[in-house]
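Visitor: Please see the structure below; I have some questions.
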Amino acid sequence: MKPGTKPGTKPGPKPGPKPGKNRLLAVVAAFQGRRIAVVADLVMDEFLNGRVERISREAPVLILQYEGSDLRLGGGANAVHNIKTLGGEPFPVGFVGNDATGRSLVALLKRKRIRTVGVGRAKAYGTPLKTRILGGGFHSTRQQIVRMDRTRPLKEAARRWSESHVRAALRRVGPVDGVLVSDYGLGLVTQEVLNLATAFARKHRAPLTADSRHALLGLEGVTAVTPNEPEVEEALGLTIGHDMKKLERAGKALQTRLKTPAVLVTRGSDGMALFEAGLPPQHIPVFGSDEVADVTGAGDTVIATFTLALAAGATAFEAAHLANIAGGLVVMKRGTATVSAQELRRAIRTADFA
């Protein structure tokens with residue numbers, strides 16, 4: 001199945017050398033109301049902000065004067081949030097713990113007007129919380145000093161429950177235009193859960209995209225994967241660096257092993273590389289400035305945009321360009337952030353690539 005087409009239909013025409021601005025704007029317009037099921041590890045991101053006062057006498061560490069905190073949707077929940085701000089209708093499928101963090105995460109989803117019919121509560125589970133402490137002066141940009149993760153792996157009984165929950169949650173979600181699987185390695189995405197997502201996408205003739213932090217080679221048979229370069233290196237046991245030949249061999253090898261029509265490799269300041277079955281690799285330069293403010297959650301923005309574009313009928317090449325623009329916009333924002341459809345349209349109109 002070619003990305004952007006439905007199972008059982010003939011693939012569309014091969015993408016041209018460059019997408020036109022009008023075409024990309026039409027795809028963004030088609031984002032509106034696209035229903036996307038997001039099977040994901042749901043995470044809460046916490047940011048603690050402080051002003052640097054002095055060095056501690058107790059240890060060689062900074063003393064910060066607390067100035068405030070901020071809770072944001074993280075992990076797969078950040079992909080969910082990005083789909084919403086881009087104009088889609090996301091349906092998160094996952095679970096939180098029966099704890100204060102879990103309650104806050106669900107409440108935050110609801111405040112963003114995101115439906116939570118697919119979000120369950122697991123008793124023997126602590127909702128993942130990633131706390132970042134940022135410090136700075138009056139006239140300086142706050143920098144991340146340390147991050148503390150509060151996560152624990154699922155026990156076998158909870159894993160079996162999660163598979164049952166995903167099966168029931170997908171039925172509650174109903175018809176969709178696309179399915180996104182976001183695996184942060186926190187225990188939700190087992191092989192059985194991936195099988196359920198695959199069958200669900202096939203039933204609704206929808207593209208299925210996936211990303212996995214540490215189990216990339218387990219994503220066989222999906223429509224497209226969007227790993228970053230270090231994830232590709234980890235999966236294949238190699239180092240790419242700036243060697244384009246190694247990158248292209250790795251992309252093709254990954255595509256062959258996963259039997260997927262498309263592999264989109266994100267490369268930070270080096271842009272992206274798209275590998276499609278039967279087509280030469282396409283290298284897409286980074287959009288905007290390479291002076292990045294914060295890469296937190298950028299991969300979530302990329303896969304959210306890419307998935308929405310495929311669901312809206314774009315080719316993988318068109319979807320990759322849109323994801324590249326969205327990624328370039330979000331890394332210029334502080335903390336876990338999103339991109340809106342309006343921002344994306346504005347960036348397309350001012351871009352010089354098309």
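The values are calculated or read from the model by the stated rules, or taken from the named source; none is laboratory data. Remember, it's a predicted structure, so these values are computed and weren't measured experimentally. Because the Cβ atoms are built from the backbone with ideal geometry, glycine has one as well, and the counts that use them run over all protein chains shown.
Visitor: Those residues that are more than 19 Å from the chain's Cα centre (by Cα) and not charged (D, E, K, R), I need them from segment 90-105; list them, please. Steps first, answer last, please.
Guide: The first filter runs over segment 90-105 and keeps only residues more than 19 Å from the chain's Cα centre (by Cα), leaving 97-104.
Scanning segment 90-105 gives Gly97, Asn98, Ala100, Thr101, Gly102, Ser104.
Visitor: Could you say which residue among Ala210, Ala206 is in contact with a Lys or Arg (Cβ under 9 Å, 6 or more places away or on another chain), outside any helix (DSSP H, G or I) and crowded, with 18+ Cβ neighbours inside 10 Å?
Guide: On the way: Ala210 fails: in contact with a Lys or Arg (Cβ under 9 Å, 6 or more places away or on another chain).
Within the list Ala210, Ala206, the selection yields Ala206.
Visitor: Hey, another quick one. Look through Ile63, Ile114, Ile83 and report the one residue that is over 21 Å from the mean Cα position of the chain (by Cα) and of a type in the set (Val, Ile, Thr). So that I can check it myself, show each step before the final result.
Guide: Working: Ile114 fails: over 21 Å from the mean Cα position of the chain (by Cα); Ile83 fails: over 21 Å from the mean Cα position of the chain (by Cα).
Just one listed residue meets the conditions, Ile63.
Visitor: Ok, one more. Go through segment 49-82 and report how many residues are among the aliphatic types (A, V, I, L, M), farther than 17 Å from Arg113 by Cα and in contact with a Leu (Cβ under 7 Å, 6 or more places away or on another chain).
Guide: Residues of segment 49-82 among the aliphatic types (A, V, I, L, M): 52, 55, 59, 61-64, 71, 73, 77, 79-80.
Then drop every residue that is not farther than 17 Å from Arg113 by Cα, which leaves 52, 55, 59, 61-64.
With in contact with a Leu (Cβ under 7 Å, 6 or more places away or on another chain) added as a condition, the list becomes 52, 55.
Counting residues in segment 49-82 that are among the aliphatic types (A, V, I, L, M), farther than 17 Å from Arg113 by Cα and in contact with a Leu (Cβ under 7 Å, 6 or more places away or on another chain) gives 2.
Visitor: Does segment 190-201 contain at least one residue that is part of a loop (DSSP other than H, G, I, E, B), closer than 21 Å to Gly76 by Cα and aliphatic (A, V, I, L, M)? Step through it out loud before you land on a result.
Guide: Filtering segment 190-201 for residues part of a loop (DSSP other than H, G, I, E, B) gives 190.
Then keep just the ones that are closer than 21 Å to Gly76 by Cα; that gives 190.
If we keep only those that are aliphatic (A, V, I, L, M) too, we end up with none.
Within segment 190-201, not a single residue is part of a loop (DSSP other than H, G, I, E, B), closer than 21 Å to Gly76 by Cα and aliphatic (A, V, I, L, M).
Visitor: Let me ask another. If you go through segment 177-185 one residue at a time, do you hit one that is among the aromatic types (Phe, Trp, Tyr), modelled with pLDDT of 95 or more and surrounded by 15 or more Cβ atoms within 10 Å (Cβ to Cβ)? Even if it seems obvious, please write down each step before you answer.
Guide: Here is the first cut: in segment 177-185, the residues among the aromatic types (Phe, Trp, Tyr) are 184.
Still in the list and also modelled with pLDDT of 95 or more: none.
No, segment 177-185 has no match at all.
So that you can scan it fast, the table gives a plain yes or no per residue for (1) within 14 Å of Gly271 (Cβ to Cβ); (2) of a type in the set (Gly, Ala, Ser):
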| residue | (1), (2) |
| --- | --- |
| Thr301 | no, no |
| Ala312 | no, yes |
| His321 | yes, no |
| Asn324 | yes, no |
| Val330 | no, no |
| Thr336 | no, no |
| Arg346 | no, no |
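Visitor: So Ala262 passes all but one of these: (1) of a type outside the set (Val, Ile, Thr); (2) in contact with a Pro (Cβ under 9 Å, 6 or more places away or on another chain); (3) over 26 Å from Thr198 (Cβ atoms). Which condition number does it fail?
Guide: Going through (1) of a type outside the set (Val, Ile, Thr); (2) in contact with a Pro (Cβ under 9 Å, 6 or more places away or on another chain); (3) over 26 Å from Thr198 (Cβ atoms) one by one, Ala262 breaks only (3).
Visitor: So Asp352 ticks every box in (1) over 26 Å from Asn49 (Cβ atoms); (2) of a type in the set (Asp, Glu); (3) touching a residue at least 12 places away in the same chain (Cβ under 8 Å) but one. Which box is left unticked?
Guide: Condition (3) is where Asp352 drops out.
Visitor: Which of the following residues is free of Cβ contacts under 8 Å to residues at least 60 places away in the same chain, under 15 Å from Ile36 (Cβ atoms) and exposed (fewer than 14 other Cβ atoms within 10 Å of the Cβ): Val117, Val146? Step through it out loud before you land on a result.
Guide: Numbers: Val146 fails: under 15 Å from Ile36 (Cβ atoms).
Result of the check over Val117, Val146: Val117.
Visitor: Which one of Lys6, Lys2, Lys112 is modelled with pLDDT under 95 and within 23 Å of Gly299 (Cα to Cα)? Spell out how you get there, then give the answer.
Guide: Numbers: Lys6 fails: within 23 Å of Gly299 (Cα to Cα); Lys112 fails: modelled with pLDDT under 95.
None of the other options fit; the residue is Lys2.
Visitor: Another one. For segment 169-189, enumerate the residues that are under 23 Å from Gly88 (Cβ atoms) and not in a strand (DSSP E or B). Steps first, please.
Guide: So the first thing to find is which residues in segment 169-189 are under 23 Å from Gly88 (Cβ atoms), and the list is 169-184, 188-189.
If the condition is that a residue be under 23 Å from Gly88 (Cβ atoms) and not in a strand (DSSP E or B), then Ala169, Leu170, Arg171, Arg172, Val173, Gly174, Pro175, Val176, Asp177, Tyr184, Leu188, Val189 are the ones that fit.
Visitor: For segment 322-337, does any single residue satisfy the condition of being surrounded by 22 or more Cβ atoms within 10 Å (Cβ to Cβ), more than 22 Å from Thr198 (Cβ to Cβ), at pLDDT 95 or above and within 16 Å of the chain's Cα centre (by Cα)?
Guide: Within segment 322-337, one or more residues are surrounded by 22 or more Cβ atoms within 10 Å (Cβ to Cβ), more than 22 Å from Thr198 (Cβ to Cβ), at pLDDT 95 or above and within 16 Å of the chain's Cα centre (by Cα).
Visitor: Within segment 338-353, can one find any residue that is crowded, with 24+ Cβ neighbours inside 10 Å and not hydrophobic (A, V, I, L, M, F, W, C)?
Guide: Yes: one or more hits.
Visitor: Is it true that Arg159 is in a helix (DSSP H, G or I), within 20 Å of Val43 (Cα to Cα) and not aliphatic (A, V, I, L, M)? Quick ask: steps written out before the conclusion?
Guide: Working: in a helix (DSSP H, G or I): yes; within 20 Å of Val43 (Cα to Cα): yes; not aliphatic (A, V, I, L, M): yes.
Here the answer is yes, as Arg159 does meet what is asked.
Visitor: Within segment 324-332, does at least one residue satisfy the condition of being more than 30 Å from Ile145 (Cα to Cα) and among the small types (Gly, Ala, Ser)?
Guide: Step one: of segment 324-332, the residues more than 30 Å from Ile145 (Cα to Cα) are none.
Among the residues of segment 324-332, not one is more than 30 Å from Ile145 (Cα to Cα) and among the small types (Gly, Ala, Ser), which makes the answer no.
Visitor: Residues that are basic (Lys, Arg) and under 16 Å from Thr336 (Cβ atoms), at least 1 per element: which strands (runs of 3 or more DSSP E) completely within segment 106-153 meet that? Steps first, answer last, please.
Guide: Numbers: elements: 119-122, 129-136, 143-150.
Correct list: 129-136, 143-150.
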